[in-house]
1. How many percent of all Cα-Cα pairs in the stretch 17-161 sit more than 18 Å apart?
2. Roughly how tilted is helix 28-47, in degrees to the nearest 10 and between 0 and 90, from the longest Cα axis of the chain?
3. Once amide H atoms are built 1.01 Å from N in the peptide plane, which residues 5 or more positions from residue 185, or in another chain, come under 5 Å H to H?
4. Apply the Karplus curve 6.51 cos²θ - 1.76 cosθ + 1.60, θ = phi - 60°, to the phi angles in the stretch 254-267 and return the couplings in whole Hz, x for Gly and Pro.
5. Enumerate the calculated ³J(HN,Hα) couplings along the stretch 203-214 in order (Karplus 6.51 cos²θ - 1.76 cosθ + 1.60, θ = phi - 60°), each rounded to whole Hz, writing x wherever the residue is Gly or Pro.
6. Once the Cα atoms of helix 8-18 and of the chain are each reduced to a long axis, what angle between those two axes, in degrees from 0 to 90 to the nearest 10, is obtained?
7. How big is Rg to Rh over the stretch 1-63, alpha-carbon atoms, Rh as the Kirkwood inverse-mean-distance radius?
8. Shape verdict for the stretch 162-290, please, from the Cα gyration tensor: rounded (a/c under 1.5), prolate (a/b greater than b/c) or oblate.
Amino acid sequence: MSTTIISKVTLEQFLALTCDGDEPRGNPRYKAIIRKIVSDLCETIDQFDISDEEFWQAVNYFNFLGERKETALLAAGIGLEHFLDLRADAKEKLAGESGGTPRTIEGPLYVANAPLSDGFTRMDDGRDDGETMWLHGVVRDIHGEPIPGAVVDVWHANTLGNYSFFDKSQSDFNLRRRIVTDSEGVYRARSILPSGYGCPPDGPTQQLLDLLGRHGNRPAHIHFFVSAPGYKHLTTQINLNGDKYLWDDFAFATRDGLIADPIKITDDAVILQRELPGAHTEVNFDFSLQSAHDHEEEARVRRLRVGEV
Ligand code: MBD
Ligand code: FE
């Protein structure tokens, strides 16, 4: 239903008063962007004949998002964070750059400055009796040459789908580590198999997803920042094959080339060599980094993160 009772001319005249592009005051870029957003909102209110009650519900919804600190979660859920990836991909393609492990969203649950280890680390604190996971792989350049000294910053959820720091029942930095690749470009970690994440059922993101007829679940996944001097920073995740949400992720982060096959290991020689207590699940994933043109490309996108100023 389109009502459109306000004329375009009336709207534009009014908007000129709220953010005037001809005025020298203020920031021209912000003025143009805010004007576009307000203009689109006014048109939406008009087109859908949005009532005052509905308008104030929306205002309160923003406050609820802020109270629960779920704005970044909502950005993932409505696909905006994935949209940024699509744009970054398209920009690379236009620049004639391709290859390397695909990027995918960071999500809202990273914590900076996790413990740093050389080559190998144990990520879990032993308090979650989930299935033991042996996670390993090689970091290479796009020509297949190993990159020693790359930093693999890895974080994932526990068997309940919860992340340390945000879940205060877990120890500090549980399931969060930085691993420096060895002389062969290899990283290795002992951890536990993560479970998929679900949005807080009583929160604003799930409230909106309900109205869209959508669930708020993610498949089991492992997040990575991979970086090395001279190479483009990579923000990505791997998704574990076999999860029922593999291609039904509420945050749209699953991509071809980012799916890992968990392998059940029962061979005693392998168990002994890895110094693991017994049968476990192996997750093997190699990364390939594009060369950087400048130092800016070597760094992750700047945004406010826990543990970072
Ligand atoms: C997550 O674990 C996540 O990775 C994203 C993108 C959103 C919510 C929770
Ligand atoms: Fe996650």
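1. On the way: 8161 of 10440 pairs.
Distances greater than 18 Å cover 78 percent of the Cα pairs.
2. Orientation of helix 28-47: about 70 degrees from the principal axis.
3. Amide H neighbours of residue 185: 149.
4. 5, 9, 4, x, 10, 10, 10, 8, x, 10, 7, 10, 10, 5
5. Once rounded to whole Hz, the list reads x, x, 5, 5, 4, 5, 4, 4, 5, 8, x, 10.
6. Tilt relative to the chain: about 70 degrees.
7. Checking Rg against Rh, the ratio lands at 1.03.
8. It comes out prolate by the Cα gyration axes.
None of the figures in this text is laboratory data; all of them are computed from the coordinates on show. It should be emphasised that the depicted structure is a prediction, and the values quoted were computed from it without experimental measurement. Reconstructed Cβ throughout: ideal geometry from the backbone, glycine too, with neighbour counts over all protein chains shown.
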